[in-house]
Amino acid sequence: MAKFIKKKDDDASKINTASLPDIVFMILMFFMVSVSMRKMDRMVIVTMPQATEIAKLERKDLSSYIYIGTPVLQYQGLHGTDSQIQLNDSFRSVDDIRDFVAAERESLSEQDRPFMTVSIKADENTRMGIITDVKQELRRCSALKIMYGARKK
Amino acid sequence: MASKKTPDINGGSMADIAFLMLIFFLMVSTMDSEEGLSRRLPPMPTEDQKVENQKVKQRNIIQVRISSNDKIFAGNEIIDVSQLKDKITEFLTNPNEDPLLPEKKIETIEGFGDYPVSKGVISLQNDRGTSYRKYIEVQNELVKAVNLLRDDFAQHEYGKKYARLDEEKQLIVRKAVPQSISEAEPKDVKKK
């Protein structure tokens, strides 16, 4: 029965891992291309509403974001649980939007300014009152291109 | 003479380094997809502009109102979200030339010819207490109705869906089926 006993072959049992770095680098490249850097800490909880007819934002670099929602737990002691507006890295009031828009507009190049989009990312349980205020303020400083952030249904 | 052979570099740790970078990028990045409903706000009316009220005939406007307890009124009746799309479609197409529904104006579209364009305007109003979810839901239905009409038109004229047309033809379709949703000045919609 000696012919059934396999001779242990050391060379074949090793998997060649030389291409592993290449594979991992490929995944890395994929993530670097497909993903955008996290710009700021979210200080409000935003669950965007669902919609079906959504369009993609063409140029991410031309957009500025306004987050509206309930503050996250660690800020609730200070700011309560009512909906708050987050601009850049702090809670702001509606009146600050004017300065915010002006600053964002300033940071764009001359020919890009008309295409600036303000993306409103609001929690689905927000009341429209605060959003209407934001919209009115945006109209007042003539930032007319807006986008209501939504998730794909 | 020194040997020509360069010493082997150990490539075994390359995978570890790559993994490290991968993890780093996973941590600092967001997969946030920038998607949503694009809108153009009407410019703020100046003082002297306010006097001259936009004259839109009653039949040409449909008021969609969302009350503070998320009830939807289209025209003057309470309506469910699911019915809204059909209501808007009927309003915009006016298939039977109903005198109560919006009139059509023959307009010459460059590169296409004459086409009766509906003069209907959807006026969307909401209360301060309306929830954002409902608002987006209604917005979505309105866009859906318009998109359906555009698809119909594109299919009929070019045999393709709107999204598959080239830029020029999309413009024609957009002119033929305008998306005229007006987000009216904020007004309190009373509970009824």
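The values are calculated or read from the model by the stated rules, or taken from the named source; none is laboratory data. Remember, predicted model here, so these are calculated numbers, not experimental data. All Cβ positions, even for glycine, are placed from backbone atoms using ideal geometry, and neighbour counts span all protein chains on display.
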Enumerate the helices (runs of 4 or more DSSP H) found wholly within region A:56-153, keeping only those where 2 or more residues are more than 23 Å from B:Glu183 (Cβ to Cβ) and at pLDDT below 85. A:73-79
Name the pairs: first residue in region B:128-145 and at the interface with another protein chain (Cβ under 7 Å from one of its Cβ atoms), second residue of a type in the set (D, E, K, R) and in a helix (DSSP H, G or I), Cβ to Cβ under 9 Å, at least 6 apart or on different chains? B:Arg128/A:Asp133; B:Lys144/B:Lys85
Across region B:94-146, what is the number of residues that are closer than 17 Å to B:Ile172 by Cβ and in a loop (DSSP other than H, G, I, E, B)? 3
Residue list for region B:53-102, restricted to those being at positive phi and surrounded by 13 or more Cβ atoms within 10 Å (Cβ to Cβ): B:Asp70, B:Gly75, B:Asn94
Members of region A:117-153 found to be at the interface with chain B (Cβ under 7 Å from one of its Cβ atoms), among the charged types (D, E, K, R) and out of contact with any strand residue (DSSP E or B) (no Cβ under 8 Å at 6 or more places or on another chain), listed by number: A:Arg139, A:Arg140
Identify all residues within region A:14-55 that are surrounded by 17 or more Cβ atoms within 10 Å (Cβ to Cβ) and in a strand (DSSP E or B); write none if there are none. A:Val44, A:Ala51
Selected residue (only one of A:Met48, A:Met43, A:Met29 is in contact with a Pro (Cβ under 7 Å, 6 or more places away or on another chain) and modelled with pLDDT of 80 or more): A:Met43
